[in-house]
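Structure first, commentary second.
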Amino acid sequence: MVDILSDRHLEYTGKVQPKPGELDGKGQPLYPYLPSPNLVEAVNLAIYLKRPLLLKGEPGCGKTRLARAVAYELRLDFEVWNVKSTSRARDGLYIYDAVGRLRDAQLAASGRLTPEQIQQIDNPATYVRWGPLGRAFQNEKRTVVLIDEIDKADIDFPNDLLVELDEQRFTVEETGQEIKAKVAPIVFITSNDEKDLPDAFLRRCLFQYVEFPDKQRLIEIMNALFPATPELLVNKAVESFLELREEMRKDKGDSGKKVSTSELIDWFRVLRRYPEEKILAQLNGKLPYGSVLLKSWSDHIRYLK
């Protein structure tokens, strides 16, 4: 484990942004991310304390993108674990391919494998497939790990990760091999509050609620994502978006589905395809291209008048 003093040079600022068109190591596009000062502080506390940072906030507010932004600025490797309803805690550490071993054993019994291949069957380590946390623990370089939407899994899922996240180690049951983190990863965990998380798990995390950006922050985000866009168009689009969001809040309350930052980005990308004069005229009347923002028939009836 790396001594905590050696982490002092790892400081996230939120000021280092990818260039337009820049791709990550897997060929995926990178986008600017503009965190609030509170979010920057929470990230640096998590790095310093070597604790997972649990992020909550309404869907589409940017929780997931934060982890990628931190990995980009600090030039660290990045692993993502997309949790599903069927996910088990062990899946993020490793998967043992028992079916593959059985298949190979049947092939060996039929005489269709070489002696070298038969020898591999006798070694259970041959069938271990490392998961995102397993790879991060074995990486010589510090890794940012995103455990995305942890609340989708079974209620026991978080508790099954307590030792692994707290002590930075786990054992491969089939081989007896103990894996200890060579360098403690920086772990981000997102939740949409679909279910409560266990107290024992929460005690081991730092917590930050990702607030929905205000008007000025949304304008800054649009300018960062779409540089050289006319100021009037950005301002008018953000204004119309916030008016819609406020209408939805009044109708549905704070817990209802409202348009999100990610939907605003998609919507503005569509708006930029057309002449500025045409879009500005439309923004003064009926909301244009509302299907990008509104995801239910009742919302279409209510807000696309």
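Derivation of every value follows stated rules applied to the coordinates shown; laboratory data play no part. The model shown is predicted, which means the values in this text are computed figures rather than measured ones. Cβ sites come from the backbone with ideal geometry, for glycine too, and all protein chains shown count toward neighbours.
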(message) To test your reading of the geometry: what angle, between 0 and 90 degrees and rounded to tens, separates the Cα axis of helix 215-225 from the longest principal axis of the chain?
(response) 60 degrees
(request) Set Lys and Arg Cβ to +1 and Asp and Glu Cβ to -1, take the dipole of the chain about its Cα centre, and tell me which of Gln138, Val163, Leu53 lies farthest positive. (result) Leu53
(request) Could you tell me what % of all Cα pairs in the chain have separations over 37 Å? (result) 30 percent
(request) Take the Cα atoms of segment 5-111, build their convex hull, and give its volume per residue in Å³. (result) 182 Å³
(request) Could you tell me how many degrees, from 0 to 90 and to the nearest 10, lie between the Cα long axis of helix 37-49 and the main elongation axis, the longest principal axis, of the Cα atoms of the chain? (result) 10 degrees
(request) Over every pair of different alpha-carbon atoms in segment 167-234, take the mean of 1/r and invert it; report that Kirkwood radius in Å. (result) 17.0 Å
(message) Residues of segment 58-99 with backbone nitrogen within less than 15 Å of a virtual label 7 Å along the Cα-to-Cβ line of Val16, please, listed as ranges.
(response) 67-78
(message) Under 5 Å between amide hydrogens, which residues at least 5 positions from Ile189 or on another chain qualify, with H placed 1.01 Å from N in the peptide plane?
(response) Leu53, Leu54, Leu55, Ile147
(message) For segment 215-303, compute the orientation-averaged projected area of the C-alpha convex hull (one quarter of its surface), in nm².
(response) 5.6 nm²
(request) Using amide H atoms built 1.01 Å from N in the peptide plane, name the residues 5+ places from Asp24, or on other chains, whose amide H lies under 5 Å from its own. (result) Leu30
(message) As an exercise, use a Förster radius of 51 Å and the Cβ-Cβ distance of Glu231 and Glu167 to find the FRET efficiency, rounded to the nearest 0.05.
(response) 0.45
(request) List the residues whose amide H sits under 5 Å from the amide H of Val80, counting only those 5 or more places along or on another chain, with H placed 1.01 Å from N in the peptide plane. (result) Leu146
(request) For Asn123 and Ser296, calculate 0.36 nm times their separation in residues minus their Cα-Cα distance, and state this gained length in nm to one decimal. (result) 57.0 nm
(request) Extending each Cα 7 Å along its Cβ direction at Asn284 and Tyr209, get the distance between those two points in nm, one decimal. (result) 4.0 nm
(message) Report the Cα-based extents of segment 120-244 along its three principal axes, largest first, to the nearest Å.
(response) 68, 34, 25
(request) Output the relative contact order of the chain, whole-number percent, from Cα pairs under 8 angstrom with separation of 6+ residues. (result) 22 percent
(request) Kindly express, to the nearest 10 degrees and within the range 0 to 90, the angle between helix 231-252's C-alpha long axis and the longest C-alpha principal axis of the chain. (result) 80 degrees
(request) Report the full-extension gain for the segment Arg217 to Leu23: residue separation times 0.36 nm, less the Cα-Cα distance, to one decimal in nm. (result) 67.4 nm
